[in-house]
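Asks: Before I ask anything, let me first share the structure, which is written out below as C-alpha cells.
The numbers here are math on the coordinates, done by the rules we state, and not lab data. Here the structure is a predicted model, which means the values were calculated and not measured. Cβ atoms come from the backbone with ideal geometry, glycine included; neighbour counts cover every protein chain shown.
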Amino acid sequence: MGELGEDEGIQGHQAGSTNTDVNAVGTLSKLSLAPMPMEPDLMEDVKADLSHEDSVHPPVNGQSTLVDQFEENIKQEPADDAAPNRDQIPFPPSTARDVAMEVQKVKENRDRFSIEGRTGGIGPGLSVTMFTFHNTFDSVNCIEFSGDNTLAAIGTAESYIRVWSLDNRPLVSPQDPPGSQPSSSRRLIGHSGPVYALSFSPSAAVPDQSSNDDTRASAATDSQPRYMLSCSADSTVRLWSLDTWTNLVVYRSHNSPVWDVRFCPHGHYFLSCSADRTARLWSTPQIAPLRIFVGHDSDVETIAWHPNGAYVFTGSGVGDKTVRVWSIVNGNQVRIFTGHTGNITAISCAPNGHLFASGDDKGEIMLWDLRTGRRTKTLKGHHKGGVWSLDWSVESSVLVSGGADKTVRVWDVQQNKESQNKSNGDSVTKIDGATVGAASATSKTGKAKGPVVSPDQISCFATKKSPVYKVRFTQMNLVMAGGAYLEQA
C-alpha cells in the first residue's frame, strides 16, 4: 500500500491551511515564531547576576562568559520570523525567582553537551537514563519529570498521584507533624477518577559547580518547581502546591474526561484537552477558562505549546486525526495538518519554533514545517501500540520518542540530499537481525519480513517489559525516559 498524502481525509485541502473549502484559494497566515521578547527590567537583572557569576566563577577551558552567552541567546538574527507582541499576552511582573530561572537557563545552555548535525552520513550517538517503576500492577497512566530533573511523578488508575525525589531530598511540608519521619515520596489524593496527565510548572536545574557561598543553595531553591497540574476522568484539572503538598485549586469547565494538561513554557497559563472535543486555555489564578478552542470532530487527546507561548497544538483521534494550531491571542485556528491514519497520541514542538513532530497509535511519527504548512518527514519504527511521548534536543536536530512497544528511539530530523529527493521524506527500509539497537526490539528471526524502520533512526533502546510513557531532553541535552515494568508484558 502506498504512502498516504498529507491531505488525507480532506479532499483538495491545501497543506497547513485552515480553509477546507476546495474552491478557495489557500493562503497561509503568517505566524510569529521567534522567541518571546524578554522584559527590559528582567534582562538587566539577569545580566547583572550573570556578570556577578562570571566574576565569582570565571569561565575555563575556552568557555564563553555567561554574559556573552546570554547576549548570543537573545540576539535577534535577521529573519522572516516575527516575535509575538508581549503586550498581547499579559504575564505577571517578573520576580527574583524569574531572574534565578533565567540565570540557570543560561548556565545550562553554555555547559550543555552539544549535538551537532549529521557528520559523514551518520547521526549523533546518544545515551538514555531510564527510570523504571516497579510493582505498579498496570495502574500507571502517565509519568512526568520536573524541569530541574529532581522530581518524578506518576498518575494512576486508582485516582491518586505519587511524586518521588530523584536526588533523595526529603519532600517535607510545613504541615508535617513535629518529629515525623521525612520521606522522599508523597501521595496526592483528590481526584475521583483515573489520572491521565501531569505537568510541572517551569523550573531549571542548577549546574554542578563547587561554591563556598550560599548562591548555589539559594538558586537551587528558587529554581525548583512550585506547582503541578493534574487532569482526570472526573472532568477536572487540579493545581497542587509542591511546597505544602496540598491541592490549591480545582478547575471545572470540561464536561467529559480530561486527557491532557500542559503548563505554558513561561508559566502562569496552562492548556487542557478533553473528550468533549475541546481544548481550553487557563491562567492559574482564575477558575474559568480564558479561551475555548473548538473545531475537532472527535476527542482532543494530546496537546503541546509552541516555545514562545503564543500558539498551542491540539491532536485528535477517531473521525478526525488532525493536528491543529491555535493562536492564544485571539483564539483563532491558524494551521491544520492532515495525514495521520491513526489516533494522534503525542505532539512536541522543536525549540527553534519552526518544526514540530506528531505521533500516532500506529507507530508513525510525522515532522511538519510550521512556516510552509507541509510535512517534511515520516519516521517509522514504533509498533504495537504506537508513540506515547516525543521531545527534541536543544539544537532541534534530534528527536527522541517512546511508546507502547517498550522502546526509546532516537531520530535524525535533519534533511539530507537522499531524503529531500523522496516525496514528503517518506523513505523507509526493512531491517533485520543485524541492525544495531533495533534488532532486539523489532525482529527475533532476522528475516526480511521484519518491521519497517526509517533510515533516519539513529538508535533504538529496548526495555524488557516496560512500556515507555515519557521521554525528555534536559537543557543539558541528556535524555531521560520513564516506564513501568509489567509482569505480563
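Asks: Note the full-extension length gain between Ser127 and Asp111 as 0.36 nm times their separation in residues minus their Cα-Cα distance, in nm to one decimal. Let's see the in-between values first.
Replies: Working: separation 16, 0.36 × 16 = 5.76 nm, distance 1.75 nm.
Result: 4.0 nm gained on full extension.
Asks: Here is a further query. HN-Hα J couplings of region 373-384 from phi, Karplus 6.51/-1.76/1.60, θ = phi - 60°, integer Hz, Gly and Pro as x?
Replies: x, 10, 7, 9, 7, 10, 10, 10, x, 6, 7, 6
Asks: Students often get this wrong, so check it: of Lys377/Lys465; Lys321/Lys465; Lys380/Lys464; Lys377/Lys470; Lys362/Lys470, which have C-alpha atoms separated by over 19 Å? Let's see the in-between values first.
Replies: On the way: Lys377/Lys465 30 Å; Lys321/Lys465 29 Å; Lys380/Lys464 21 Å; Lys377/Lys470 22 Å; Lys362/Lys470 17 Å.
Listed pairs above 19 Å: Lys377/Lys465; Lys321/Lys465; Lys380/Lys464; Lys377/Lys470.
Asks: Given a Förster radius of 51 Å and the C-beta distance between His57 and Ser29 as r, what FRET efficiency does 1/(1 + (r/R0)^6) yield to the nearest 0.05? Each step should come with its number before you reach the end.
Replies: Numbers: r = 46 Å, r/R0 = 0.90.
E between His57 and Ser29, to the nearest 0.05, is 0.65.
Asks: Where does each of His296, His340 land when they are ranked from fewest to most other beta-carbon atoms within 10 angstrom? Provide the component values of the computation, followed by the final result.
Replies: Details: His296 25, His340 28.
Placing the least packed residue first, the sequence is His296, His340.
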